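Since every read-out is calculated from the coordinates, none of them should be taken as a lab result. Predicted model only: the values in this text are computed from it and were never measured. A quick note on method: Cβ atoms are made from the backbone with ideal geometry, for glycine too, and the neighbour counts reach across all protein chains shown.
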Amino acid sequence: MNKVLIIGRGGREHALAMKFSESPHVSTIFVAPGNVGMKDVATTIDIDENNFSELIKFAKKENIKLTFVGPEVPLVNGIVDKFKENNLNIFGPTKAASIIEGSKDFSKNLMKKYNIPTAEYETFTELRPAVEYLKKSKPPYVLKADGLAAGKGVVICNNINEAENTLKDMLSQNKFGDAGAKVVIEEFLVGEEFSFMAFVNNEKVYPLELSKDHKTVFENNQGPNTGGMGAYSPVPSITKEIIESSVKNILNPTAKAMVKEGRPFTGVLYAGLISTVDGVKVIEFNARFGDPETEVLLPRLQSDLFLILQDILNDKDINLKWSEEACIGVVLCSDGYPNKYKTEIPINGLKEVSKNINVLHSGTKEKNSEIVTSGGRVLVLTNIANNLKKARENIYNEIEKIKFDGMHFRKDIADV
Ligand code: AMP
Ligand code: GLY
């Protein structure tokens with residue numbers, strides 16, 4: 001029997017812990033640092049995701065068979081390299097490969113060099129040439145901080161004043177931290193977006209089912225971008241032809257390109273794609289499972305996640321089995337998110353929702369034996385049913401049984 005360690009603390013990691021708990025080959029699941037909601041499926045360990053030396057010490061002491069990394073920051077900081085140096089088995093891309101998410105400039109250059117379809121762009125480190133470029137472009141203006149920004153580094157501006165101010169915030173006011181010291185300005189693409197993730201092992205690509213995330217905080221694509229306000233899988237509007245062309249023109253060539261660049265990628269490659277009149281194009285790459293996409297994908301995965309990951313790490317081919325059912329996830333967030341919000345607000349009704357609703361915790365903690373909010377995205381409620389319509393009904397019938405002051409959720413998730 002095997003012990004698994006999951007690195008991370010959100011809804012994605014809660015969903016991963018639940019999936020690993022279904023495997024007859026896994027005896028114990030640890031999550032570092034995890035959160036209070038996971039305690040019935042996993043043991044949470046009070047070690048920060050970025051404290052590599054303590055995580056390694058723990059993995060050695062507990063004889064962990066497999067470590068799985070959820071979030072991007074430890075990946076980009078090289079957690080996989082450090083675990084490997086210590087002969088520990090870990091699933092995720094190296095620091096060199098995680099740059100595909102860590103730097104938008106890197107990923108855009110990679111796509112340009114290898115003819116992987118994406119929006120036209122230029123990269124800037126100085127305000128004046130960036131503003132000059134804006135003046136030659138047409139709105140809406142798409143401005144992207146180069147580095148990691150927790151899903152908030154992309155700003156779409158409808159007029160030039162707003163775009164200039166955002167550029168100033170990024171390039172001269174340091175409002176996006178180091179992430180904004182370089183900015184990519186790119187062409188605005190029109191089309192339907194979807195998330196296409198794959199297990200990648202060097203040149204080999206094993207596509208997962210599709211999912212779709214809703215990024216803006218309010219309904220009808222209004223308000224600022226968030227880490228994701230809800231998701232669903234499958235995505236009926238995306239045809240088999242679009243899926244095939246995405247694998248052929250995007251996922252496969254990207255895996256090959258990373259090998260050619262001397263940055264072979266092993267892990268979950270996340271392609272944020274858009275189906276335009278000129279074909280499918282890349283909006284972004286991530287080096288990990290999406291959140292909340294994972295929460296709606298894993299319930300549909302029928303294969304044993306532990307065995308799949310072990311096979312990939314042992315260079316064996318895998319065969320993924322999926323349920324035909326549909327899954328939807330709706331995020332409950334704090335008032336004000338993705339900007340400032342209050343925390344430590346008591347959450348009521350967690351036990352009142354129907355058993356067929358899965359309540360995944362993202363930003364929660366325990367205080368005086370009460371569950372309270374501790375983040376912007378607080379909970380993700382998921383339901384799996386015969387079709388999306390039914391899954392939507394199931395979620396929205398139950399969602400308001402949970403209550404906390406300022407609770408906000410989108411009412412149009414999977415409204416297809
Ligand atoms: P990203 O973090 O790069 O996925 O961007 C966040 C969101 O901004 C995406 O999901 C899109 O909705 C939007 N976006 C990013 N780049 C573009 C683009 N070039 N054209 C249109 N929308 C975009
Ligand atoms: N939901 C988008 C992401 O995980 O980046």
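Values for this structure:
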| quantity | calculated |
| --- | --- |
| Hz values of 3J(HN,Hα) by residue in the range 176-181 - Karplus curve (6.51, -1.76, 1.60), Gly and Pro given as x | 9, x, 4, 4, x, 6 |
| Mean Cβ neighbour count within 10 Å, used as a protection proxy, ranking 230-239, 53-62 highest first | 230-239, 53-62 |
| Full-extension gain in nm, residue 96 to residue 302, via 0.36 nm per residue minus C-alpha separation | 71.0 nm |
| Segment residue 260-residue 386, length gained on full extension (0.36 nm per residue, minus Cα span) | 41.1 nm |
| Amide hydrogen neighbours beyond the local backbone of residue 288, cut-off 5 Å, H modeled | 270 |
| Relative contact order, percent, the range 292-340 [alpha-carbon distance under 8 Å, six or more residues apart] | 45 |
| Ranked packing of 383-389, 356-362, 97-103, most packed first, by mean Cβ within 10 Å | 97-103, 356-362, 383-389 |
| Residue 191 long-range amide H proximity, modeled H, under 5 Å | none |
| Chain lengthening between residue 240 and residue 127 when straightened (0.36 nm per residue, less Cα-Cα) | 36.4 nm |
| Mean Cβ count within 10 Å, highest first, over the residues of peptides 400-407, 332-339 | 332-339, 400-407 |
| Links that overshoot a 27 Å alpha carbon limit, given the list 240/389; 108/389; 108/152 | 108/389 |
| Interchain or long-range residues, amide H under 5 Å from residue 371's placed H | 347 |
| Out-of-range pairs (alpha-carbon distance over 22 Å; input 84/212; 340/365; 144/175) | 84/212 |
